[in-house]
Amino acid sequence: MQLEEQTITIDGQKIPFQSGQTIMDAALAAKIYIPHLCYHPEFKPHGSCRLCTVMVNGRYESACTMPSVAGQEILNNTKELNENRRALTQMLFVEGNHICPGCPKTGNCQLQAVAYYVGMLSSHYQHFYPYRDLDPSHPDYVVDFNRCILCELCVRASRDVDKKNIFAISGRGIKAHLIINSPSGKLEDTDFAVGDKAAFVCPVGAILRKRTRYTTPIGERLYDKQSIRIVGDSQQLHAGATKYGRK
Amino acid sequence: MSQLETATHSETLKRVVIEPLTRVEGHGKVTLLLDEDNHVHQARLHIVEFRGFEKFIQGRPYWEIPVLVQRLCGICPVSHHLAAAKAVDMLAGARQLTPTADNLRRLLHLGQILQSHALHFFHLSSPDLLFGINDAVAHRNIIGVIADHPDLGLQGIRLRKYGQEVIRIISGKRVHGTASLPGGMNKPLSLQHRALLLADIDQIITWSKGAVDLIKKVYLTNTDFHQRFGLIQSNMLSLVTTDGAMDLYHGGLRAKSANGKTIFDHIDYCHYHQYIHEEVKPWSYMKFPFIVSQGNEVGWYRVGPLARINNCDYITTPLAEIERQEFRAHANGGLVQASLAYHWARMIEMLYAAERIREILLDPVSTGTDIVAQGEEKSLEGIGVIEAPRGTLIHHYLVNDSGTIEKANLIVSTTNNNQAMNESIRQVAVEYLDGQTLTEGLLNHIEVAVRAYDPCLSCATHALGKMPLSVELVNHKGKLVDCLIKSSTGEITK
Ligand code: SF4
Ligand code: FES
């Protein structure tokens, strides 16, 4: 006997899922975009950015942590949900120092791409302008804490894949911030290396390879031509690669 | 110190402040001290400059700098981008660019020169030059130019647009794009883009030549006035190539004294700080650079079009060279010192830029794809000097081992002209304002003197050339005796 395919419905569209898949997994497999920043298919979901919040049978749930259950009626691309997402994105912008024009990740940055997707035209909230440093101590990488959005992808990648446990979040609530697990607190005193998974997962410009910047011309950057809804996450791309220049 | 820089008994004098009311980006103000009979005792131009940037970029990684520093300015971002790029080439140990990258950087720079000079001449200065300094305020602007000389207004707009198009093609955006990388560029010039730019270049050269003819005619019809207005005798500084040709992107430093004698020549700009120092004066935020061997009293100099056309031995493009020779013939062997000759020199440069753009577009090297040179040894000090539209622009960075900026020193073109602009307004104040009751027309004389230098102040480039001003007359007891306000619509109220 053939098993009947299990489905959920997102914005009126019926899509299949396999057991164990979250709503996010099922949606992405069906090429439905649910905005997200802390979700990454290779890591255990974290559920912290709340950008993926959808309405499941009338209740707010984060799509990246909510398991798919047959028959769920899900609202995703609605005006109200997108407005909430815009407000969340604006809060992320004002909480750190995201100076897109001077950031080498511009055009390839997932935070920026999400901001475009949700139609963010201004910061709306007052900027915190926190005083945060930069850690340029490592020979190959810079950590710019100004740009960190606390998604914990580097934390998960370093702990779960690289088995090095180099990054961590310290403090709670508004005081939460990224730290580096070394006696000096500096990246140079860790065994962070160029090939580490943690070196490739940051969705913004907080962990970047040194020296090669702005190599991709305007017009050819990841999100220049198409929206993140179609292009997907930025981790596939490591800033610094270019068809013309050196890596 | 020049006469009129500091009055002897300032406490007994009336103070006139010419200050723009809008406070966007940089702004300038002029203060005059007058006695009971309106005789001028002191005249100063104060410019609030962006020194904050030097602090702001401390601690940032050096490879971000060329893109970051263009935000210094919305008026000539490309110049800052390229000066920083040259400094960063040095930091990355890749000063020797590939021929293609060198051409592309030059092309980008020439696009900037063209658009900036066109904007300044047609939009900001032509109203004064065509209609006279005392023309009605409501008419003395680009709208008036378009009404009276429709062809000219249109050419100004098209010339500027062409320059912006060059910038867009090379850097991806008309303003604040990305182009230079340490040791090169991020995108080659495609054959389609080359064809697009080539299609209009002959027209652009013709119009640029027309602009030179126009300014020459205007200048020579009232030669005496144009030569005397804001006339000062100054040293001049610019970059020249090893054989003395004008070059806006690269070269050695040359300084000439007011009588045309060479003070220094072919100086590697990396040693600029041995030849140029900056003096701080208590009354101005902006420093006063001077040539060390001449001392701070008389060592100040001018930069920009006037200095470049005066300083070079020749221009490499044929039409601009003919114009240069005619221009120089007016100096009787010395240097052309008239402040209003800046406008003439600026248009010769615009013609040069247009001719050079064509040369570069026709050079097969320009569409090559070898655009990034590999660095070898690294340096912890990077210096980039370029001839920006307004004059010599110096970017100097010190970095630490981890690649972040320890210290930055930027000497922008307008700073280089600081003392000279002050001298010019003093000259104008004595010649035209002394003993007079102030009127808008008289105050515009001051603006015209400042504007000749095309300083990078938002007030000088304010919408449609209508600088909003408030002029207050305060007696020596600090009491307001008179007040004149010009709004940005040109309306004057008492
Ligand atoms: S550094 Fe990047 S990956 Fe790590 S928590 Fe911050 S934003 Fe996320
Ligand atoms: S992606 Fe689901 S909470 Fe961040």
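Nothing in this text is a laboratory measurement; each read-out follows from the coordinates by a stated rule. Fair warning: this is a prediction, and the values are worked out from it, not measured in the lab. Heads up, the Cβs are rebuilt from the backbone with ideal geometry, glycines too, and the neighbour counts pull from every protein chain shown.
Computed quantities for the displayed model
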quantity	calculated
Spherically averaged projected area of chain B from its Cα convex hull (nm²)	21.8 nm²
Exercise: per-residue mean of other protein chain Cβ atoms within 10 Å, A:216-224	4
Long pairs among A:44/B:187; B:14/B:287; A:164/A:225, criterion Cα-Cα beyond 30 Å	A:44/B:187; A:164/A:225
Euclidean distance between Cα centres, segment A:133-188 to segment B:142-165, Å	54 Å
Taking chain A and dividing mean pair separation by its residue count, relative contact order in percent (alpha carbons under 8 Å, at least six apart)	17 percent
³J(HN,Hα), Karplus 6.51/-1.76/1.60, whole Hz, each residue of segment A:95-112, x for Gly, Pro	6, x, 10, 9, 9, 3, x, x, 9, x, 7, 3, x, 10, 9, 6, 5, 5
In Hz, Karplus ³J(HN,Hα) per residue of segment B:390-404 (6.51, -1.76, 1.60; θ = phi - 60°; x = Gly, Pro)	8, x, 4, 10, 10, 10, 9, 10, 10, 10, 9, 4, 7, x, 9
Reach of residue B:407 by Cα under 12 Å, taken over aspartates and glutamates that are not fewer than 8 positions away in the same chain	B:54, B:381
Loop sites in segment A:130-206: trypsin sites (Lys or Arg not before Pro), DSSP, at most 16 other Cβ within 10 Å	A:132, A:163, A:172, A:186
Links that overshoot a 32 Å alpha carbon limit, given the list B:55/B:378; A:210/B:281; B:86/B:173; A:163/B:86; A:79/A:105	A:210/B:281; A:163/B:86
Alpha-carbon gyration tensor eigenvalues x 5, square-rooted, for segment A:99-227, Å	25, 19, 14
Shape call, segment B:39-189: gyration tensor on alpha carbons, a/c limit 1.5	oblate
Cα-based helix-to-principal-axis angle, B:191-221 vs chain B, degrees rounded to 10	30 degrees
Averaged over B:60-68, number of beta-carbon atoms from partner chains that fall within 10 Å	6
Hits among aspartates and glutamates - C-alpha to C-alpha of residue A:175 under 13 Å, sequence gap 8 or more where chains match	A:95
In sequence order, calculated HN-Hα J values of segment B:98-104 (Karplus, 6.51, -1.76, 1.60; Hz; x Gly/Pro)	6, x, 5, 4, 4, 4, 5
Nonlocal amide H pairs with residue B:135, under 5 Å, H built at 1.01 Å	none
Inter-probe distance in nm under a simple model that places probes 7 Å from Cα toward Cβ, at residue B:148 and residue A:99	4.4 nm
Cβ-based charge dipole, segment B:237-386, positive-most Cα from B:259, B:238, B:276	B:259
Local electrostatic count at residue A:172 - Lys and Arg +1, Asp and Glu -1, tallied over other residues with Cβ under 15 Å	-1
Scaled radius of gyration (Cα, divided by 2.2 N^0.38 Å) that the protein assembly as shown gives	1.09
Nearby aspartates and glutamates by direct alpha-carbon distance to residue B:209 (threshold 14 angstrom, same-chain neighbours under 8 apart not counted)	B:321, B:323, B:326, B:349, B:355
Spatial separation of Cα centroids for segment B:347-425 and segment A:21-71, in angstrom	50 Å
Shielding by partners, peptide B:180-190 (average Cβ within 10 angstrom, other chains)	4
Protection proxy ranking, peptides B:352-362, B:330-340, average beta carbon neighbours within 10 Å, highest first	B:352-362, B:330-340
Residue among A:185, A:171, A:96 with the largest mean-square fluctuation in a Gaussian network model of chain A, springs linking Cα atoms under 10 Å	A:171
Percentage relative contact order, chain B, counting C-alpha pairs under 8 Å, at least six apart	25 percent
